[in-house]
Amino acid sequence: MLGPVLVDGVEVAAPRQRALLAMLVFDAGRIVGHDQLIGGLYADPPAGAANALQSQVSRLRRAVPGLVIEHHPAGYRLVAGPSEVDHLHCAELLAAGRAAQALALWRGPALADVDAPFVQVARQNLTEVLIGCTVSGGSTAQLRDLLAQHPLREDLRAALMRSLHRDGRQGEALEVFAQGRELLAGELGVDPSPALAAAHLEVLRAQAPHRGVPAQPSRPRPCCTRVARPRRTATSRSTRCAC
């Protein structure tokens with residue numbers, strides 16, 4: 001799902017079966033209704049669509065031995081756990097704060113080799129997962145590449161600014177903000193969000209000259225210390241310099 005649709009590294013050759021597999025994998029472990037599957041596979045469902053769906057399921061089972069697809073009165077269910085399905089495993093890693101590992105599961109654009117009516121919505125949902133991974137664990141280059149694809153995403157822009165700031169590239173970070181502010185005003189007629197403005201302020205504060213605490217003037221050290229010493233033969237005291 002996080003790239004071309006593969007099963008154990010093997011591609012499903014037939015486009016319709018590949019799309020059917022993608023739909024079942026997207027909702028792995030849950031029953032996907034007959035009508036949902038038919039609507040997701042066919043822009044214009046054929047006569048006898050239910051039989052056509054059953055035929056596609058049978059062909060998919062033969063094409064991928066070991067794939068467990070259960071039939072239920074309400075639809076079909078792919079039997080697979082989160083650790084066996086890349087997009088579910090990715091979501092688990094991201095929720096556990098392991099964004100860099102989650103990002104490493106991506107092999108390209110989501111559902112890269114699937115063309116079916118359901119793909120647009122599924123791809124949008126998976127892209128949100130990719131953005132979350134990249135914001136939390138992406139490199140400067142990964143953030144820049146993804147922002148180029150989604151230039152109005154302020155979370156990506158703020159993350160890129162902070163990444164550039166950490167690299168000591170404050171000037172580039174400020175330029176990224178300026179470009180975003182101009183784009184938001186021109187495309188949407190809005191100002192930067194508080195989150196993006198906060199990232200901008202962080203960079204500005206880092207660029208400001210450091211104002212240290214002025215050194216306190218040193219006090220002159222006395223040349224000697226007066227210590228009272230008793231006389232050996234008298235009861236009165238006198239002072240003598242101990243330096």
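The values are calculated or read from the model by the stated rules, or taken from the named source; none is laboratory data. All of these numbers come straight from a predicted model, not from anything done at the bench. Please note: Cβ atoms are built from the backbone with ideal geometry, for glycine as well, and neighbour counts cover all protein chains shown.
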Flag if LEU174 is out of contact with any Pro (no Cβ under 9 Å at 6 or more places or on another chain), part of a helix (DSSP H, G or I) and among the aliphatic types (A, V, I, L, M): yes
Evaluation of LEU93 against (1) under 31 Å from the mean Cα position of the chain (by Cα); (2) of a type outside the set (Val, Ile, Thr); (3) surrounded by 12 or more Cβ atoms within 10 Å (Cβ to Cβ); (4) under 13 Å from LEU24 (Cα atoms) (one fails), failing number: (4)
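Just need a number here: residues in the stretch 65-79 that are at pLDDT below 95, aliphatic (A, V, I, L, M) and surrounded by fewer than 16 Cβ atoms within 10 Å (Cβ to Cβ).
Let us first name the residues in the stretch 65-79 that are at pLDDT below 95, namely 65-67.
Of the ones still in play, those that are also aliphatic (A, V, I, L, M) are 67.
Within this subset, residues satisfying the condition of being surrounded by fewer than 16 Cβ atoms within 10 Å (Cβ to Cβ) are none.
The total comes to 0.
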Residue list for the stretch 1-35, filter: touching a strand residue (DSSP E or B) at 6+ places or on another chain (Cβ under 7 Å) and either farther than 15 Å from VAL68 by Cα or of a type in the set (Val, Ile, Thr) (or both): PRO4, VAL25, ILE31, VAL32, GLY33, HIS34
Wholly within the stretch 83-143, helices (runs of 4 or more DSSP H) carrying at least 3 residues that are among the hydrophobic types (A, V, I, L, M, F, W, C) and over 21 Å from ALA158 (Cβ atoms): 86-95, 119-137
Total residues in the stretch 65-82, condition more than 32 Å from the chain's Cα centre (by Cα) and part of a loop (DSSP other than H, G, I, E, B): 4
Elements of type helices (runs of 4 or more DSSP H) contained in the stretch 1-63, each with 1 or more residues being of a type in the set (Ser, Thr, Tyr) and free of Cβ contacts under 8 Å to residues at least 40 places away in the same chain: 49-63
The stretch 173-190: number of residues that are acidic (Asp, Glu) and crowded, with 18+ Cβ neighbours inside 10 Å: 0
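Inspect all residues belonging to the stretch 20-28 and state whether any of them is small (Gly, Ala, Ser) and surrounded by fewer than 14 Cβ atoms within 10 Å (Cβ to Cβ).
Here is the first cut: in the stretch 20-28, the ones small (Gly, Ala, Ser) are 22, 28.
Next, only the ones that are surrounded by fewer than 14 Cβ atoms within 10 Å (Cβ to Cβ) stay: none.
Checked the stretch 20-28: no residue is small (Gly, Ala, Ser) and surrounded by fewer than 14 Cβ atoms within 10 Å (Cβ to Cβ).
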